[in-house]
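Accompanying notes for the structure given below.
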Amino acid sequence: MSLSGRDIISVRDFSRSEIETVMEAAGRMLADAPHDLLSGRLMASLFFEPSTRTRLSFETAMHRLGGRVVSVSGSEGTSLLKGESLSDTISVVAGYCDCIVLRHPVEGASRLAADLVGIPIINAGDGAHEHPTQTFLDLFTIFNACRTLDGLQIGFLGDLKYGRTVHSLAHAMMSFKSRLRFVAPPSLQLPDDLAGELQEGGVEFDRTTSVEEVLPELDILYCTRIQKERFGDEAEYTRMKGIYHIDAKLLQRTRVKPSLRIMHPLPRVDELNPDVDQTEHALYIQQAHNGVPTRMALLGLVLGGI
Amino acid sequence: MAAEKMRKREVSAIKDGTVIDHIDGKATFKVAALLKADSREHTVLVGANLSSRKIGRKGIIKIENTELTPDEVNRIALAAPDATLSIIKDYAVVMKRRIELPDVIEGIVKCFNPSCVSNHEKIQTRFIVVGRDPIRLRCYHCDRYETGDEIIL
């Protein structure tokens with residue numbers, strides 16, 4: 001299946017077979033990357049919001065495939081500070097390069113960019129909306145660890161209300177037949193809108209407050225950070241941030257499956273103890289590393305190299 | 001039947017123009033405002049709080065010598081999805097239909113999400129109609145849902 005010329009704006013835009021195409025390509029990139037696949041191709045990396053991992057892994061991915069990168073980081077020194085619209089900036093830059101990787105604080109910025117220009121636009125995060133390449137790397141991490149995306153029990157823990165990685169991953173799992181378990185305090189549970197969509201899509205899922213209850217059944221536990229910036233009240237944040245704490249003792253006490261793998265989009269705060277790093281369950285560092293082969297696969301696919 | 005005729009007399013007949021009938025009783029003045037009834041070129045007659053066998057209380061708006069644009073019809077569909085639209089020529093109804101929401105609404109609804117790109121760039125808003133009873137819209141740009149009173153026209 002060809003994804004040549006496609007934009008990557010939202011995980012909603014991808015069918016099961018298209019997701020599988022990305023998984024297979026990422027697997028090939030992890031095993032043996034073709035170093036001249038994108039030789040002579042140019043990627044513009046436009047990051048109007050801070051990012052470390054996403055920007056570095058995109059640029060690394062392009063370099064590893066033999067392509068070149070031009071980049072902007074922050075609005076400083078750009079025409080945006082002179083009052084230029086995002087639409088004009090994108091239209092101009094599209095004439096310089098073969099694809100644009102865009103991070104912008106405004107929701108829907110990448111969708112707008114994709115409608116404006118003919119070259120592929122890859123959304124590297126648009127505010128609280130979508131971060132589809134994070135979702136693809138999460139899917140690839142699960143796929144690579146479990147060799148399937150069907151028939152699994154996947155737990156989501158922490159800030160399920162605001163966490164866009166959780167929303168996107170849950171949405172992507174609508175194409176697969178796994179059971180989703182959402183663990184959070186009521187005030188940070190999965191929004192009803194998304195729960196309604198999962199229900200309409202026939203996804204088997206439940207919402208609970210008890211991590212102990214679900215842990216023994218899980219194949220994957222996806223932890224997220226309680227985001228300080230989401231709370232107006234410092235005391236409420238302090239109360240919430242320590243509400244769940246996964247450590248080696250808890251994993252032992254709840255008799256988790258030996259094959260349980262724990263993921264986290266990082267950075268972590270209190271929710272995941274460093275003593276888990278030494279167990280066979282830790283998958284989050286590999287998850288972060290998978291950003292490069294996954295983004296290599298996406299760049300290779302949309303630029304028509306594979 | 002006689003009662004129906006009486007009600008029609010409550011709002012005078014027009015010779016040529018458009019009649020919007022069966023407006024939900026609570027939405028009459030909202031529809032009138034959406035149609036900018038007080039600043040149009042031609043006469044606009046508004047009947048509110050009329051009794052209706054079908055919907056209890058209803059409104060009716062008659063606009064002389066005017067056919068509504070598709071954009072105006074879409075606005076009415078959002079405020080009064082059960083209304084009917086009739087075209088009048090020489091006092092006779094030459095066309096009557098129920099107002100229907102299109103699948104996509106462009107340039108009418110404002111996204112209530114302040115972080116949506118449609119509130120930052122000079123672009124037309126676009127909403128996908130994902131539910132009709134009650135009306136539920138999804139913003140094409142930021143994917144936020146708007147339902148009922150949240151819909152900003």
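Just so it is clear, none of the values below were taken in a lab; they were calculated from the coordinates. As the structure is a computational prediction, the values presented were derived from the model and not from experiment. Methodologically, a virtual Cβ is constructed for each residue, glycine included, from the backbone with ideal geometry; neighbour enumeration extends over all protein chains shown.
Enumerate the amide H contacts of A:GLY304 below 5 Å, restricted to partners 5 or more residues apart or on another chain; note that Pro and chain-start residues carry no placed amide H.
A:GLY5
Report the label-to-label distance for B:ASP133 and A:SER210 in nanometres (one decimal), using points 7 Å from each Cα along the Cα→Cβ vector.
Distance between label points: 4.2 nm.
Please state the charge dipole magnitude for the protein assembly as shown, taken about the Cα centre, from unit charges on C-beta atoms (+1 on K and R, -1 on D and E), reported in debye and rounded to the nearest 20. Write down the numbers at each step before the final one.
Working: 57 positive and 62 negative charges, 211 e Å.
Result for the protein assembly as shown is approximately 1020 debye, rounded to the nearest 20.
Separation of the stretch A:153-184 and the stretch B:74-147 by C-alpha centroid, Å?
32
Just grab the label-to-label distance for A:ILE243 and A:SER15, each label 7 Å out from Cα along the Cβ direction, in nm (one decimal).
Taking the simple label geometry, A:ILE243 and A:SER15 are separated by 4.0 nm.
What does the convex hull of the Cα atoms come to per residue for the protein assembly as shown, in Å³?
Measuring per residue, one finds 186 Å³ for the Cα hull of the protein assembly as shown.
Determine the calculated [θ] at 222 nm for chain B from helices alone, applying -39500 (n - 2.57) to every DSSP H run no shorter than 4 residues and normalising by the residue count; nearest 500 deg cm²/dmol. Please list the in-between numbers first.
Details: 3 runs with 26 residues, N = 153.
Computed ellipticity for chain B at 222 nm equals -4500 deg cm²/dmol.
Quick one: which residues, 5+ away or cross-chain, put their amide H under 5 Å from the amide H of A:LEU221? H built at 1.01 Å from N.
Excluding prolines and chain starts, which carry no amide H, the hits are A:GLY155, A:ARG261, A:ILE262, A:MET263.
Which of the residue pairs B:LYS36/B:LYS110; B:LYS30/B:LYS89; B:LYS54/B:LYS110; B:LYS15/B:LYS54; B:LYS54/B:LYS89 have a Cα-Cα distance greater than 21 Å in the structure shown?
Working: B:LYS36/B:LYS110 18 Å; B:LYS30/B:LYS89 26 Å; B:LYS54/B:LYS110 32 Å; B:LYS15/B:LYS54 26 Å; B:LYS54/B:LYS89 26 Å.
Exceeds cut-off: B:LYS30/B:LYS89; B:LYS54/B:LYS110; B:LYS15/B:LYS54; B:LYS54/B:LYS89.
Please compute P(r) over all alpha-carbon pairs of the stretch A:133-288, binned at 10 Å starting from zero, and give each bin as a whole-number percent.
11, 44, 37, 8, 0
Tell me, which longest segment in chain B has none of the trypsin sites (Lys or Arg not before Pro) that fall in DSSP loops with at most 15 further Cβ atoms within 10 Å?
Details: sites that count: B:LYS15, B:LYS26, B:LYS36, B:ARG40, B:ARG53, B:LYS54, B:LYS122.
The answer is B:55-121.
For the pair B:LYS89 and A:ASP233, how long in nm is the line joining their label points, each one 7 Å along Cα→Cβ?
With each label point 7 Å from Cα toward Cβ, the separation is 6.5 nm.
Counting other C-beta atoms within 10 Å, and keeping those with at most 15, which DSSP coil trypsin sites (Lys or Arg not before Pro) do you find in the stretch A:210-271? Let's see the in-between values first.
Working: sites: A:ARG225, A:LYS228, A:ARG230, A:ARG239, A:LYS241, A:LYS249, A:ARG253, A:ARG255, A:ARG261, A:ARG268; in loops: A:ARG225, A:ARG255, A:ARG268.
Listed in order of number, the matching sites are A:ARG255.
Taking the alpha-carbon distance from B:LYS122 and a cut-off under 17 Å, which aspartates and glutamates remain once sequence neighbours fewer than 8 residues away in the same chain are dropped?
A:GLU84, A:ASP88, A:GLU107, A:ASP115, B:GLU106
Can you run the Rg to Rh ratio on the stretch B:2-98? Use alpha carbon positions and the Kirkwood inverse-distance Rh.
Numbers: Rg = 12.2 Å, Rh = 13.2 Å.
Looking at the stretch B:2-98, the ratio lands at 0.92.
Do you know the Lys pair count in the stretch A:133-288 for C-alpha distances under 21 Å, with sequence separation 8 or more or different chains?
Numbers: A:LYS161/A:LYS228; A:LYS161/A:LYS241; A:LYS177/A:LYS257; A:LYS228/A:LYS241; A:LYS241/A:LYS249; A:LYS249/A:LYS257.
The number of close lysine pairs in the stretch A:133-288 is 6.
Out of the chymotrypsin sites (Phe, Trp or Tyr not before Pro) in the stretch B:62-139, which ones are loop residues according to DSSP with at most 16 other C-beta atoms within 10 Å? Before the final figure, lay out each step's value.
On the way: sites: B:TYR91, B:PHE112, B:PHE127; in loops: B:TYR91, B:PHE112.
Passing sites in the stretch B:62-139 are B:TYR91, B:PHE112.
Grab the DSSP H runs of chain A that are 4 residues or longer, score each as -39,500 (n - 2.57), total them, divide by all residues and round the 222 nm result to the nearest 500 deg cm²/dmol. It would help to have the intermediate numbers written out before the result.
Details: 12 runs with 113 residues, N = 306.
Helix contribution divided over all residues of chain A: -10500 deg cm²/dmol.
Calculate the dipole size of the stretch A:133-288 relative to its Cα centre from +1 charges on Lys and Arg beta carbons and -1 charges on Asp and Glu beta carbons; express the result in debye to the nearest 20.
In debye, rounded to 20, the stretch A:133-288 gives about 300.
Can you grab the distance from the C-alpha centre of the stretch B:9-24 to the C-alpha centre of the stretch A:200-248, Å, no decimals?
57
With unit charges on the beta carbons (Lys and Arg positive, Asp and Glu negative) and the dipole taken about the Cα centre of the protein assembly as shown, which residue among A:VAL93, B:SER39, A:MET62 sits farthest to the positive side?
Final value for the positive-end residue is B:SER39.
Counting GluC sites (Glu not before Pro) as exposed when in a DSSP loop with at most 14 other beta carbons within 10 Å, what is the longest stretch of chain B free of them? Present the calculation step by step, with values, prior to reporting the outcome.
Values: sites that count: B:GLU41, B:GLU67, B:GLU100.
Maximal segment without exposed cleavage sites: B:101-153.
Which one of A:LEU169, A:LEU301, A:PRO50 is farthest out on the positive end of the charge dipole of the protein assembly as shown, using unit charges on Cβ (Lys, Arg +1; Asp, Glu -1) and the Cα centre as origin?
Checking the options against the dipole of the protein assembly as shown, the answer is A:LEU169.
Hey, with R₀ at 45 Å, roughly what FRET efficiency would A:SER71 and B:LYS26 work out to, going by the Cβ-Cβ distance, to 0.05? Don't jump to the answer; show the numbers that get you there.
Working: r = 54 Å, r/R0 = 1.21.
The value I calculate is 0.25.
With a bin width of 10 angstrom, please list the P(r) values of the stretch B:104-150 as percents of all Cα-Cα pairs, from the 0 bin to the one holding the largest distance.
The percentages, shortest bin first, are 30, 59, 11, 0.
With only Lys, Arg, Asp and Glu charged, each at its Cβ (+1 for the first two, -1 for the last two), find how big the charge dipole of the stretch B:69-126 is about the Cα centre; round to the nearest 20 debye.
Working: 8 positive and 8 negative charges, 14 e Å.
Roughly 60 debye, rounded to the nearest 20.
So which aspartates and glutamates can B:LYS62 reach, going by Cα to Cα under 19 Å and dropping same-chain residues fewer than 8 places off?
Result set, ordered by chain and number: B:GLU4, B:GLU10, B:ASP16, B:ASP21, B:ASP24, B:ASP38, B:GLU41, B:ASP71, B:GLU72, B:ASP82, B:ASP90, B:GLU100.
Once amide H atoms are placed 1.01 Å from N in the peptide plane, what residues at a sequence separation of 5 or more from A:PHE205, or on another chain, have their amide H within under 5 Å of its amide H?
Those lying under 5 Å, H to H, from A:PHE205 are A:LEU180.
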